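Scroll down for the structure; my scribbles are underneath it.
The values are calculated or read from the model by the stated rules, or taken from the named source; none is laboratory data. All values derive from a computational prediction rather than experimental measurement. So basically every Cβ, Gly included, is an ideal-geometry build from the backbone, and we count neighbours across all protein chains shown. To get the accessible areas, we keep the full protein, side chains included, count just its heavy atoms, and leave off ligands, DNA and RNA. Shrake-Rupley method; radii C 1.70, N 1.55, O 1.52, S 1.80 Å.
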Amino acid sequence: MKLPTLSLLRLAAVAVAAGAIATGALAATTAHYFDGDTQRSITLDTSLVAVITPIPEAGSNTQARSVGEGASPAPLVQLQPANQSVAKGAGTHTSPVYREGNSPAGRLMALPGGVVVKFNTDWTDAQVRAWAQAKGLAVAQRLGTTSNWYLIATAPGSAALELANSLKAGGEVLAAMPNWWKQTAAR
């Protein structure tokens, strides 16, 4: 039986798609963010989700990394399989998990919330805060006392990535990157 050429193409496309699904190739979604002026590619890891739990601030015995003056403790980030239900407590959120680059071996990254933004050195603290307010954004903190780096508040997850890329594309800031959580290995 001779099939029309269009039917052969459809069969080939279905076979390729089935093979890609079986190998997980269609699950890979690439995106990017800017590290200064360098565009970095990231790949969504659909097999994992990051569960983000805020650390209690006052009276806590937990030590957490903090950056800058008046910084809040970094939230706890735990990875779990995406098909597992997430036990949500007060303030607990989830974030997609990405891998650096497009390799399955890339370092795991998640978005606990916030965008790190560098403003021109001639902008005052009052100008930065007025700019943020005019854009409907909130300054979470100034990072250091002598730099013009600020943490702009966002919800955990993709909102941070989208805002960072939007701010960088807008050209009003020198740098904008998500406040990434990155997996580290003990030495």
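General remarks:
- Residues being part of a loop (DSSP other than H, G, I, E, B) and free of Cβ contacts under 8 Å to residues at least 60 places away in the same chain - total across region 105-134: 7
Residue-by-condition table, conditions (1) surrounded by 13 or more Cβ atoms within 10 Å (Cβ to Cβ); (2) part of a strand (DSSP E or B); (3) at pLDDT 75 or above:
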residue	(1), (2), (3)
S60	no, no, no
S66	yes, no, no
A71	yes, no, no
A74	yes, no, no
L79	yes, yes, yes
G89	no, no, yes
T94	yes, yes, yes
V97	yes, yes, yes
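- Among the residues listed as G144, G170, G91, G101, the single one being small (G, A, S), more than 17 Å from I42 (Cβ to Cβ) and touching a residue at least 40 places away in the same chain (Cβ under 8 Å): G144
- Tally of residues being more than 27 Å from V51 (Cα to Cα) and either open to solvent by 30 Å² or more (accessible area, probe 1.4 Å) or touching a Lys or Arg at 6+ places or on another chain (Cβ under 6 Å) (or both) across region 129-146: 7
- In the set (1) within 14 Å of the chain's Cα centre (by Cα); (2) part of a strand (DSSP E or B); (3) polar (S, T, N, Q), Q141 fails one condition alone, (1).
- Out of A155, A164, A160, sole residue that is hydrophobic (A, V, I, L, M, F, W, C) and either open to solvent by 30 Å² or more (accessible area, probe 1.4 Å) or part of a loop (DSSP other than H, G, I, E, B) (or both): A155
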